[in-house]
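For reference, the structure discussed in these notes is given below.
The values are calculated or read from the model by the stated rules, or taken from the named source; none is laboratory data. Values in this document were obtained by computation on a predicted structure and should not be read as measured data. Cβ: placed from backbone, ideal geometry, glycine included. Neighbour counts: every protein chain shown. Surface accessibility is based on the protein's heavy atoms, side chains included, excluding ligands, DNA and RNA. Shrake-Rupley method; radii C 1.70, N 1.55, O 1.52, S 1.80 Å.
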Amino acid sequence: MEYLPNILFAAILVLGVGYFTRNVKKLIRNIKLGREVDASDNKAQRWKNMAMIALGQSKMVKRPIAGIMHVIVYIGFVIINIEVLEIVIDGVLGTHRIGLEILPISVYGFLIGAFEILAVLVLVAVVVFWLRRNVIKLKRFLSSEMKGWPKNDGNIILYFEVVLMCLFLVMNATDTSFQSLGSGNVISQFIAPWFDGMSETTLHTIERTAWWLHIVGILIFLNYLYFSKHLHILLAFPNVYLGSVEPKGKFNNLESVTNEVKLMMDPNADPFATPAEEGDDEMPAKFGASDVMDLNQIQLLNAYTCTECGRCTSACPANLTGKKLSPRKIMMDTRDRLEEVGKNIDANNGEYKDDGKQLLGDYISNEELWACTTCNACVEECPVSINPLSIILEMRRYLVMEQSAAPMELNNMMTNIENNGAPWPYNQMDRLNWAKEE
């Protein structure tokens with residue numbers, strides 16, 4: 001019986017980490033359903049982006065109130081959970097605050113004191129976030145795509161953080177041996193009097209209960225991430241590193257199409273006499289994307305990394321003028337469809353069975369795609385380097401090149417270019433007449 005708590009702790013730890021690992025493997029499998037893409041270029045710039053954007057939160061603080069609050073929660077939650085290492089060691093070995101056996105009291109006290117201050121700051125920030133979502137009701141949290149689960153998910157994670165921070169402070173406040181040190185209890189010393197008059201046994205029971213709930217809560221939180229928008233806590237770093245380092249707005253032309261255009265525009269070329277050169281790119285099996293498997297792996301990683309913050313949509317000129325397009329919805333729809341495909345694979349022993357659905361049409365409409373002005377506002381605003389525009393352009397490419405389903409105005413323009421060599425409906429012989437006008 002002496003080792004029962006240790007065995008129970010080890011079992012809970014293994015189950016929690018094991019389930020998390022299983023979901024991470026599913027996540028990686030789903031992302032690998034996309035096309036491979038080479039992101040081995042500009043490594044120095046990629047590392048710099050990751051340090052500045054993912055770690056330094058440089059784009060987040062462009063909106064000061066939300067940005068500063070997010071930085072507090074981000075830093076506080078990450079640093080406070082360093083104590084999880086001590087809890088894990090104590091749980092496995094059956095020790096109590098093993099940090100005191102390793103570190104001088106002053107150092108240990110400084111660390112725990114810093115953790116307690118950060119815990120209070122996190123609580124304040126979480127309350128502000130909750131008020132912004134549920135009382136002030138900022139417009140970007142009220143869009144149609146934020147109904148139901150997305151709204152509940154945002155609140156659930158806030159409740160999680162409140163509970164975990166409170167358990168941490170209560171655990172410290174009711175730990176009489178820790179309080180007797182007089183070091184590190186900068187916040188919990190003011191909570192400890194709430195428990196005055198209780199017996200030593202009762203205080204120990206409360207402390208142990210808070211300890212167990214804290215570590216179990218962290219494991220539940222860890223596994224909740226896979227089902228939540230807060231998966232970006234883990235994916236923001238690789239997503240920013242793999243993000244595009246090309247100038248914004250640069251179109252990713254298809255090599256095969258580019259070669260065809262060059263051949264057509266070369267007056268000396270005979271397309272019927274020119275043999276295909278060895279090593280030429282083959283014509284792709286499909287132009288553009290109609291489903292998630294047609295997108296590349298970075299775009300699918302983007303979908304899983306989306307924080308649903310709505311900064312992209314709040315900056316989108318199409319959305320601001322009442323159009324149906326919401327870049328946030330594009331990312332959420334891509335993730336939802338990818339999850340649906342993943343469940344399909346799970347249900348069919350590792351193979352995808354055609355379900356008669358696709359991203360284009362069933363999730364994202366043509367109207368949304370053609371409302372985009374390709375201004376890159378959404379790309380510029382995203383705090384974790386997500387690129388909704390790249391997905392929009394791939395689906396537009398599919399509509400134009402596979403289905404000839406472009407809007408009439410665009411079809412007219414392309415017809416004019418094909419027939420007249422210009423977007424305007426003028427005969428090629430008359431194209432320079434304007435220069436002769438007085």
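With R₀ set to 41 Å, the beta-carbon distance separating Ile117 from Lys32 gives a calculated FRET efficiency near 0.45. Amide H contacts of Arg35: Leu295, Asn296, Gln297, each under 5 Å away and 5 or more positions distant or on a separate chain (H built 1.01 Å from N in the peptide plane; Pro and chain starts excluded). As a calculated quantity, the FRET efficiency between Asn252 and Glu418 at R0 = 25 Å, using C-beta atoms, amounts to about 0.65. Does the range 322-438 come out rounded, prolate or oblate by the C-alpha gyration tensor, with a ≥ b ≥ c the root eigenvalues, rounded set by a/c under 1.5 and, if not, prolate when a/b is larger than b/c and oblate if not? The shape class here is prolate. Per residue, the convex hull spanned by the Cα atoms of the range 1-68 amounts to 189 cubic angstrom.
When Ser144, Ser385 are compared by accessible surface with a 1.4 Å probe, the order from highest to lowest is Ser144, Ser385.
Cross-link reach is defined here as a Cα-Cα straight distance under 20 Å, omitting same-chain residues fewer than 8 places apart; for Lys62 the lysines meeting it are Lys48, Lys139, Lys248. So what's the projected area for the range 1-128, the Cα convex hull averaged over all directions, in nm²? Hull-based average projected area comes out at 12.3 nm². Here the convex hull built on the C-alpha positions of the range 301-366 has a volume of 80 cubic angstrom per residue. Compute the distance from the alpha-carbon center of the range 127-151 to that of the range 325-398, in whole Å. Between the Cα centres of the range 127-151 and the range 325-398 lies a distance of 23 Å. Any idea what % of Cα-Cα pairs in the chain are farther than 38 Å? Percent of Cα pairs beyond 38 Å in the chain: 39.
Alpha-carbon geometry of the range 202-245: the Rg and the Dmax are 16.8, 58 Å, given in that order.
Where in the range 8-41 does the amide nitrogen come within less than 19 Å of the point 7 Å from the Cα of Leu93, taken along Cα to Cβ? Once the point is set 7 Å along Cα→Cβ of Leu93, 8-11, 13-14 turn out to lie under 19 Å by backbone N, inside the range 8-41. Anything over 20 Å Cα to Cα? Flag those among Lys25/Lys229; Lys323/Lys357; Lys32/Lys59; Lys43/Lys329; Lys151/Lys323, in the order listed. Table pairs above 20 Å Cα-Cα are Lys323/Lys357; Lys32/Lys59; Lys43/Lys329; Lys151/Lys323. Modelled spin labels at Leu410 and Leu320, positioned 7 Å past Cα toward Cβ, are 2.3 nm from each other.
In the context of the full set of protein chains, the chain has a per residue accessible area of 55 Å² (1.4 Å probe). Accessible surface for Arg133 stands near 40 Å², nearest 10, in the context of the full protein assembly shown (1.4 Å probe). Sequence-distant contacts, meaning Cα pairs under 8 Å at least 6 residues apart, place the relative contact order of the chain at 19 percent. Surface composition of the range 7-123: carbon plus sulfur atoms hold 75% of the accessible area, using a 1.4 angstrom probe and ignoring ligands, DNA and RNA. Relative to its residue count, the range 72-179 spans a Cα convex hull of 114 Å³ per residue. For the range 111-250, the Stokes-Einstein estimate of translational diffusion at 37 °C and a viscosity of 0.692 mPa s comes to 185 µm²/s, using the Kirkwood hydrodynamic radius over alpha-carbon pairs. Between Leu338, Leu389, Leu203, the residue with the greatest mean-square fluctuation in the GNM of the chain (Cα pairs under 10 Å linked by springs) is Leu203. Within straight-line reach of Lys262, meaning a Cα separation under 15 Å, sit the following aspartates and glutamates at least 8 residues removed in sequence or on another chain: Asp270, Glu277, Asp280, Asp281, Glu418. When the residues Thr313, Thr258 are ordered by accessible surface, computed with a 1.4 Å probe over the protein chains alone, the sequence from largest down reads Thr258, Thr313. Taking all protein chains together and a 1.4 Å probe, the residues His70, His204 rank His204, His70 from largest to smallest accessible area. Can you bin the range 379-438 into rounded, prolate or oblate? Criterion: square roots of the alpha carbon gyration tensor eigenvalues sorted a ≥ b ≥ c, rounded for a/c under 1.5, prolate for a/b above b/c, oblate for the rest. Oblate, because a/c is 1.5 or more while a/b does not exceed b/c. Backbone phi angles across the range 327-335, fed through the Karplus curve with coefficients 6.51, -1.76 and 1.60 (θ = phi - 60°), yield HN-Hα couplings of x, 4, 5, 4, 5, 5, 5, 5, 5 Hz in residue order; Gly and Pro are listed as x.
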